[in-house]
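Written out below as structure tokens is the structure these notes cover.
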Amino acid sequence: MPERITVALTLNGARRSFEVAPGRRLLDLVREDAGLIGAKEGCGAGECGACMVLLDGAPVTSCLVLAASADGHEVVTVEGLARGGALHPFQEAMVTHGGVQCGFCTPGIAVTGAAVLARGGDAADRTRLLAGNLCRCTGYAKVMEALDDAAAKETADAPA
Amino acid sequence: MPRPDRQPPGGHAVPDPGSRTTDPGPLGGRHERPDARAKVAGSTRYVGDLALPGMLHAAAAVAPVASARVAALDTAAARAVDGVEAVLTAAEIPGANLVGVIFPDQPLLVTDRVRMVGDRLALVAARTQEAAWQAARLVKATLEPIPAVHDPVVALAPGGPLVHDGGNLVRTFQVVRGAAGRRRADVVVEALYHVGGQEHAYLEPQGCLAIPEGRSRITIIASCQCPFYVQQAVARVLGLPLAAVRVEQAPTGGGFGGKEDYPSEPAACAAVLAFATGRPVHFVLPREMDMQGSTKRHAMVIRHRWGADRDGRLRFAEVDAVLDAGAYAGISTVVAERANVSAIGPYDVPSVRVTTRIAYTNNLFGGAFRGFGAPQVTWAAEATVDRLARAAGLDPLEFRRRNLLDDRRRRICTGQLLRRPVLTRECLDRAAALAGWDEFHARPRAADAPTREGMGIALALYGCNLHHGGQRLDRSSAVVILQADGSVVVRVGLTEIGQGNLAACQTIAAQALGVDPAAVQVWQPDTTTVADSGPTVASRGAHASGMAILDAVRRLRTRLDPVAAELLGCRREQVELAAGRAQVAGAPDRSVAVAEVAATMSARRIEAIATGWYRSKPRRFDPATGAGEPYEFYAVACHVARVAVDRELGVVRVEEVSAAHDVGRVIHRDALEGQIQGGVVQGAGWATTERLALDHGRLVNPSFTDYLIPTSADAPKVNIAIVESDGAGGPFGAKGVGEPALIPAAAAVRNAVVEALGVEIDTLPLTPPAIVAALGDAHPFAWVAMEEEHEHASPETVAPGR
């Protein structure tokens, strides 16, 4: 087994290459090698969702993904959700709806929420899809309000 | 689309620097929380996101058993691990080997005796986290098992194993009121409640960074609620004066009480390692270590004997509560003080006998947790009140209405007279109306359906701020600095832990200075910028910091107003501040921007910094009899829960909780609602799924897979009724809400489940085995519950190590 392996991926839209140990987690690559500290380690076991990133558009708990398996793929972290310098509509809705409290779960929720919006679906779908992100502060009400609001706006903005 | 009541009329949403009308200010509005934007962008740096050149990582070697004598400790293998820089035992602690907050019963590192699973034996600092934990696991402890006790009631019986040499009874509290009224009771209810503990499950694990300056002083950056507690703990273990220990609160990812007392321990560990190595030491606990080692909500065993007359009036209440402190007293006495005086709820009872005893056991030790003993005793009290209502043949609402304290009956069980208005009836009526209590109960429900619905109610009378016993800590410090451009720096000693204290302090300062909230920057506490402000606990954050901010603004205005008066050509008494301007009272068209006043002050070198101070007024209270004024003023909360119970599977689903809260005055509406929604859901989780599974004192479910907190798919819908008033309160009349938001929730859920199933359930949480057990032997899965029963154990000897 080689000491280091090369992981070439698209990270928040930019082509990047990293030399990592074979056992390195995608979470460590993102946080320590790329310096993107938005993804948080809340449990290290794929249970809490605080480390959520998008892998080819799908939300994954990056603490359970080997960095090497992201080779050749596209990774988007919370830092990559902004569109043209502005927060993602769901992030903006989280701010205006008071969905942010301690903030530790928030980046993971922003990432999952962005994927949920891209996927479409109704309010019940959104509630179910966000169940992989634990939050202990908000009781989820304002988070779901923000997500519903962002979904309504996306529908309204979509071309007929 | 504008949100309803997003802004008060004429609010600050669209800043209008030329406004000539009196602005109502941001109070009670929904302006953007100052910390929200950075947090949602992922750019807020928590302690785990910090790194320094040369930084080492800490780990702790801990005991795997709950009770043992330490025969030998061998650190050779640990020291040999590549990357290890230091392995320390108790002998190498420069100051006192002590972390007990109130009682000197807990060492930082054990030397001779292990009293709970997770007791620290040695500390490691290494160049990587992996090396540190690998070395910690290689510390060889020879532990000779000694008998342990895991049941708090057994611990208090004579002849059992002693956790500490002085005996297992830590302290006893009592409330004694009125003559024995038992003869006049027509209905008497007796019950024994087993109320389980709870894990805080803040999403950010405990962590800190210790940065030494030689061996003369140190900076600690910590995820914590109480930087002054951390300061004291670190000063003690290092043998330093308080002034040589600087504690800066890092953005903190949730606390709920779990970051009140406990963060002193990892901070003390990191500090000792930092002094030994001369390098920065990072100590972030892995989730399993965090859950296994940190404090928990106290489990309690509560025996009731309550009586009412045939008119449904409570005649007497006897409560005998035992609180499981675990292996160390920690702050158990303070928790017991609140539990003791909260045990009767918001009811008028002529004869009261409450005894609250604290027992040492070899379980994980209890600490602060949102509600501080009140949720446990409220769970029991509201269960008994429902029992009595059923026995008296009265609707639970009607029974409560006949017994609630109110504006005419204002004397609580300690003899204290509540200040008007006493909003129990308003809260009950508002919560019941939101829940559709009458409609729900008028609707026919199928008696044989597999899923049963129920609705339950519970109330709490919450003593705001610190109990008399902790009043010496009830003070607070603030600093307000008016910058030359009119923006404002505010520093306070109470922390933002997600509850919204930054938003509350910003709102209070902006309201007092008549400026836009966006002009005010509140910075996280640092022990070198403000005086010891006590702990961020007891729902006192907005109260204690807000009162100190108001005092600081008052002092600042003694220098600001004369300058404004000169610019306006009026007397200083005529100066008013509103909408970002100083104006002449009664003539708002004569005004000048606060920024211009600030620039003038700066140009003239006028002192633009002011300190503020708050301390609560002295109160009388007799700890021996529980007579007097335990708290300064009170808040009422009423929750109504609607549940659906799958009778066969025993699964409880909390569908909806309607919460009415007497808050005095709203400071920040989104933060307030967030506190209520989060508190209710945390209470609903405790009620139903959050079971601390202890096996010989060891937590066997220290993960989010095995310890179940509510997800978005589990959380009930929360309806909120806010009751405002001009009664007693803190800044602008506001009362605390963080804890009342949780306290009655689990009790309302319990009463709803009992209504749904038609059987009493006296253990918390209401997990499937507990539900099945309550339904009796006839249930096909009754044997599951029988096995669970055996976990309530009698004295046991400790299990051999892993």
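The values are calculated or read from the model by the stated rules, or taken from the named source; none is laboratory data. It should be emphasised that the depicted structure is a prediction, and the values quoted were computed from it without experimental measurement. Here the Cβ is made from the backbone with ideal geometry for all residues, glycine too, and neighbour counts use every protein chain on show.
Of note:
- One residue from A:ALA118, A:ALA151 being more than 7 Å from chain B (Cβ to nearest Cβ), part of a helix (DSSP H, G or I), modelled with pLDDT of 95 or more and out of contact with any helix residue (DSSP H, G or I) (no Cβ under 8 Å at 6 or more places or on another chain): A:ALA118
- All conditions but one from (1) assigned to a helix (DSSP H, G or I); (2) among the small types (Gly, Ala, Ser); (3) more than 17 Å from B:GLN682 (Cα to Cα) apply to B:GLY727; the one that does not is (1).
- Among the strands (runs of 3 or more DSSP E) confined to the range A:30-111, the ones with at least 1 residues that are touching a His at 6+ places or on another chain (Cβ under 8 Å) and more than 8 Å from chain B (Cβ to nearest Cβ) are located at A:52-55.
- Set B:ASP726, B:ASP695, B:ASP706: member being surrounded by fewer than 18 Cβ atoms within 10 Å (Cβ to Cβ) and closer than 30 Å to B:ALA544 by Cα: B:ASP726
- In the set (1) surrounded by 23 or more Cβ atoms within 10 Å (Cβ to Cβ); (2) closer than 27 Å to B:ILE102 by Cα, B:PRO346 fails one condition alone, (2).
- Condition check for A:ARG128: within 7 Å of chain B (Cβ to nearest Cβ) and surrounded by fewer than 23 Cβ atoms within 10 Å (Cβ to Cβ): yes
- When each of B:VAL666, B:VAL680 is tested for being part of a helix (DSSP H, G or I), within 14 Å of chain A (Cβ to nearest Cβ), of a type outside the set (Gly, Ala, Ser) and in contact with a Leu (Cβ under 9 Å, 6 or more places away or on another chain), the lone residue that passes is B:VAL680.
- Any chance B:GLU632 is over 15 Å from B:LEU567 (Cβ atoms) and at pLDDT 95 or above: yes
- Residue in the range B:683-710 that is farthest from the other protein chains (Cβ to nearest Cβ), counting only those that are within 28 Å of B:ASP662 (Cα to Cα) and touching a helix residue (DSSP H, G or I) at 6+ places or on another chain (Cβ under 6 Å): B:ALA687
- Tally, over the range B:217-239, of residues that are of a type in the set (Lys, Arg) and either under 23 Å from B:GLY470 (Cα atoms) or free of Cβ contacts under 8 Å to residues at least 12 places away in the same chain (or both): 1
- Just one residue in the set B:PHE372, B:PHE399 is touching a helix residue (DSSP H, G or I) at 6+ places or on another chain (Cβ under 7 Å), in a loop (DSSP other than H, G, I, E, B) and not assigned by TED's automatic domain parsing to the domain that holds B:SER67; that residue is B:PHE372.
- Among the residues listed as B:HIS164, B:HIS194, the single one being in a strand (DSSP E or B) and not assigned by TED's automatic domain parsing to the domain that holds B:LEU285: B:HIS194
- Comparison of B:ALA125, B:ALA148, B:ALA131, B:ALA135 shows that the only residue that is surrounded by fewer than 24 Cβ atoms within 10 Å (Cβ to Cβ) and in contact with a strand residue (DSSP E or B) (Cβ under 8 Å, 6 or more places away or on another chain) is B:ALA131.
- Against the numbered list (1) more than 30 Å from B:GLY307 (Cα to Cα); (2) touching a His at 6+ places or on another chain (Cβ under 8 Å), B:TYR193 comes up short only at (1).
- Filtered by the rule that a residue be in contact with a strand residue (DSSP E or B) (Cβ under 6 Å, 6 or more places away or on another chain) and at pLDDT below 90, the range B:18-50 gives B:ARG20, B:THR22, B:ASP23.
- Test result for B:PRO104, at pLDDT below 95 and either under 30 Å from B:GLY196 (Cβ atoms) or in the same structural domain as B:PRO266 (by TED's automatic domain parsing) (or both): yes
- Residues of the range B:33-60 satisfying the condition of being closer than 29 Å to B:LEU699 by Cα, more than 8 Å from chain A (Cβ to nearest Cβ) and surrounded by fewer than 24 Cβ atoms within 10 Å (Cβ to Cβ): B:HIS57
- Among all positions in the range B:402-419, there is at least one residue which is small (Gly, Ala, Ser), in contact (Cβ under 8 Å) with a residue 40 or more places away in the chain and surrounded by fewer than 24 Cβ atoms within 10 Å (Cβ to Cβ).
- Failed item, numbered, when A:GLY98 is tested on (1) at positive phi; (2) assigned by TED's automatic domain parsing to the domain that holds A:LEU29; (3) touching a residue at least 40 places away in the same chain (Cβ under 8 Å): (2)
- Count of the range B:612-653 residues, restricted to those that are part of a loop (DSSP other than H, G, I, E, B) and among the hydroxyl-bearing types (Ser, Thr, Tyr), is 3.
- The condition of being of a type in the set (Gly, Ala, Ser) and over 9 Å from the mean Cα position of the chain (by Cα) holds for only one of A:ALA39, A:ALA93, that being A:ALA93.
- Restricting the first member to the range B:240-263 and to residues that are more than 24 Å from B:GLY42 (Cα to Cα), and the second to residues that are assigned to a loop (DSSP other than H, G, I, E, B) and aromatic (Phe, Trp, Tyr), the beta-carbon pairs closer than 8 Å and six or more apart or on different chains are B:GLY257/B:PHE369; B:GLY257/B:PHE372.
- Residue match in the range B:161-183 (condition: farther than 30 Å from B:LEU764 by Cβ and within 26 Å of the chain's Cα centre (by Cα)): no
- Taken across the range B:196-203, residues that are more than 14 Å from chain A (Cβ to nearest Cβ) and either crowded, with 21+ Cβ neighbours inside 10 Å or touching a strand residue (DSSP E or B) at 6+ places or on another chain (Cβ under 9 Å) (or both) do occur, with at least one present.
- Sole exception among (1) in the same structural domain as B:HIS57 (by TED's automatic domain parsing); (2) part of a strand (DSSP E or B); (3) surrounded by 24 or more Cβ atoms within 10 Å (Cβ to Cβ) for B:VAL175, by number: (1)
- Residue in the range B:557-573 that is at pLDDT 95 or above and touching a Gly at 6+ places or on another chain (Cβ under 9 Å) present: no
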